[in-house]
Structures are given as structure tokens and as C-alpha cells.
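Q: A single structure is presented below for examination.
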Amino acid sequence: MAKIKFTKNELKNQRDALKRFQRFLPTLQLKKQQLQLEVRQLRDQMADLEAQLAAQQDGWATALPLLSGNDRAAGDDFLTVKSWKVGRRNVAGIDVPVFESLEFAEPDYDLFLTPPWYDDIAAMLRQQLELTLRKQILGEMLELIEQELRVVTQRVNLFEKVKIPESQENIRKINIYIGDQMTNSVGRSKIAKGKCAQRDAETLV
């Protein structure tokens with residue numbers, strides 16, 4: 001705890017600091033609540049994506065034996081990304097990445113020479129890649145928000161457990177000191193008046 005001066009100016013400074021801390025604390029607490037809610041929602045979304053990916057993996061494990069080596073190589077044509085877009089979103093004052101779109105290039109293949117289940121496999125591959133990209137962006141978003149939540153939580157704890165109690169204690173100590181000084185001053189004044197009265201009485205005698 002920093003050393004304080006037992007003066008009226010210091011008392012004013014401590015009261016002003018206390019008002020600032022008490023004014024900022026509700027804003028920080030609200031931000032903390034918003035971030036906590038966002039983290040819970042993102043974790044739910046992450047769990048949902050992981051479940052979808054797991055289901056895709058099961059489906060892929062079933063379909064994979066149907067493909068020959070050439071078929072698997074040709075399947076890469078379905079995964080040629082034409083464009084994909086990541087936007088930005090503001091969450092409780094911080095910018096985070098958000099998945100927006102993914103577009104694949106349409107492969108050029110002979111419908112008569114291609115197995116009929118190729119379209120199903122292509123859709124499965126594309127969906128798997130999109131889910132993977134969504135999970136990646138969501139992970140980055142979650143990491144940024146969790147980091148901000150840690151910082152805000154530290155500030156809330158600092159205000160609640162350190163700064164506000166410290167200012168209140170300083171104000172209490174300064175008030176006690178100033179009160180004692182005023183009491184002592186009144187006492188000294190009475191003593192001085194008594195001595196003056198006694199001296200005046202002795203002079204008259």
C-alpha cells in the first residue's frame with residue numbers, strides 16, 4: 001500500500017479516486033458478464049461443430065472403402081476453394097474473426113464416366129472442409145474472448161478487492177487523524193485560554 005499524507009488535500013484525492021473506482025466498476029462487471037455469456041455460447045457452438053465433424057468422420061469411414069485410389073485422387077477436385085471470406089465482429093469492445101462464406105470451384109467431369117455416388121462424396125468432403133474451417137475460426141474467436149475475459153476479470157478483482165477497500169481505508173485513517181488533530185487543537189485552545197485567564201487574574205491581584 002502506498003504511503004498516504006494525512007492532509008485535507010489527500011482526503012479529497014482519496015475520495016475522488018474512490019468515486020472513480022465505484023463509477024468504473026459496474027461497467028467492468030457488465031463487460032465481464034457479456035464476455036462470460038459469449039464464452040458459454042461459443043463453447044456450445046464448438047461442441048456442436050465437433051459433434052458434426054465426428055458424425056462426418058463416421059460417414060467418411062463408411063464411404064472411404066468404396067473409393068479406389070484414382071477416385072480418391074479425383075476427389076480432391078471437389079475441394080478446390082474458389083473463395084472464402086472471414087469477417088469481423090465486435091464483441092464487448094473487441095474485434096474477433098467470424099466465418100462468413102466458403103465457395104468451391106465447380107470441377108469439370110464427365111457425368112457418364114463418373115460413379116453416381118460421386119456427388120454425395122463431393123458434398124460430404126465439402127461439408128467436412130467447411131466445418132473444419134468454421135471450427136478453426138471459432139477457436140480463434142474463443143481464444144481472443146477468453147483472453148479479454150481474463151484481463152477484465154483481473155481488473156474487476158483489482159477494483160473490488162484492492163483499490164476500493166484501499167481508498168475506503170485511507171479515507172477512514174485520514175478522517176481519524178484530522179478528527180484527532182481538531183480535538184487536540186480545541187484542547188490546546190482551551191488550555192491556552194485558561195492560562196491567559198489565570199495570568200490576567202494574577203495581574204489584577
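The values are calculated or read from the model by the stated rules, or taken from the named source; none is laboratory data. Computed from a predicted structure; not experimentally measured. Backbone-built Cβ (ideal geometry, glycine too); neighbour counts: all protein chains shown.
A quick yes/no check of all residues on (1) under 21 Å from Arg155 (Cβ atoms); (2) at pLDDT 90 or above; (3) touching a Lys or Arg at 6+ places or on another chain (Cβ under 8 Å):
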site: Lys19; (1), (2), (3): yes, yes, no
site: Arg43; (1), (2), (3): no, yes, no
site: Ala63; (1), (2), (3): no, no, no
site: Ser68; (1), (2), (3): no, no, no
site: Arg72; (1), (2), (3): no, no, no
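Q: Determine the pairs where a residue that is charged (D, E, K, R), located within the stretch 164-182, has a partner that is outside any helix (DSSP H, G or I) and surrounded by fewer than 13 Cβ atoms within 10 Å (Cβ to Cβ) with Cβ atoms under 8 Å apart, the partner being 6 or more residues away or on another chain.
A: Note: pairs meeting the criteria are Glu166/Met1.
Q: Here is a follow-up. List pairs: first residue in the stretch 25-52 and surrounded by 15 or more Cβ atoms within 10 Å (Cβ to Cβ), second residue part of a helix (DSSP H, G or I) and polar (S, T, N, Q) anywhere in the structure, Cβ distance under 7 angstrom, at least six positions apart or on different chains.
A: Listed pairs, sorted by first residue: Lys32/Thr153.
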